[in-house]
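Bear in mind these aren't lab numbers, they're just calculated from the coordinates by the rules spelled out. All figures in this text were calculated on a predicted structure; none of them were measured in a lab. All Cβ positions, even for glycine, are placed from backbone atoms using ideal geometry, and neighbour counts span all protein chains on display.
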Amino acid sequence: MLAVVFVGTSRRFPGKHFIEVRPGLRMIDLVINRLQAIGLDVLVYSKVFFRCSAPLMIDREDWILPSFISLLRKLGDKGIGEIIAIGGDMPLICGEGISLLLKEFSDPDVAVVPRWENGYMEPLHAIYRSVMARFLEEALKGGIKSLHSAIEKTPCVKFIEAELFPSNIFFNVNVPRDLMRLREILREEP
């Protein structure tokens, strides 16, 4: 299955994807390396051009919901029926988490999305079929601007308990203190 790594721009922490988390290793490199080590093909879907070890597709949309629609349509047109979406600022991705997603994904699911007990979703650690674009587009035309809300309105989405996933798997870097925490976690890894 194809893993698509989403790289956007951040007002809170500009350039976060390209900061070294280990000597010579940017955060985005760590995400790509971990996905490739799991055995996934990787595509980076980015708002900005940069060099990396995976194919790069430029995202020209203004915000996340149209980005998802555009990506799913483009990939569907190329015969790619499903993807694993991963945030480029989620560097603690692991095989166990991907396995949980894949285990839960079956027909007629159009998506498998982890959701916390409090209702918060992890849409950038989820599986989507390309047909999801149609439902997201309908939500957008209906005035929904949030990816979370659009997913909630989509039929055949399987929500799985986020609490079942390994600790830290959903950790993402949003502010400089998160980067410091990431470096601590990486130092503790074998």
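Numbers at a glance
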| quantity | calculated |
| --- | --- |
| Unit charges at the beta carbon, dipole of the range 87-179: most positive-side option, GLY95, SER167, LEU140 | LEU140 |
| Cα pair distances exceeding 19 angstrom across the range 57-163, given as percent | 41 percent |
| Total lysine pairs whose alpha carbons fall under 20 Å of each other in the chain (8 or more apart, or interchain) | 7 |
| Order by protection proxy (mean Cβ within 10 Å, highest first), peptides 119-131, 41-53 | 119-131, 41-53 |
| All-pairs Cα distance distribution in the chain, expressed in whole percent, bin size 10 Å | 9, 38, 39, 13, 1 |
| Contour minus Cα-Cα distance for SER53 and ALA37 (0.36 nm per residue) | 4.5 nm |
| Value at 222 nm in deg cm²/dmol, rounded to 500, when DSSP H runs of n ≥ 4 in the chain each add -39,500 (n - 2.57) | -10500 deg cm²/dmol |
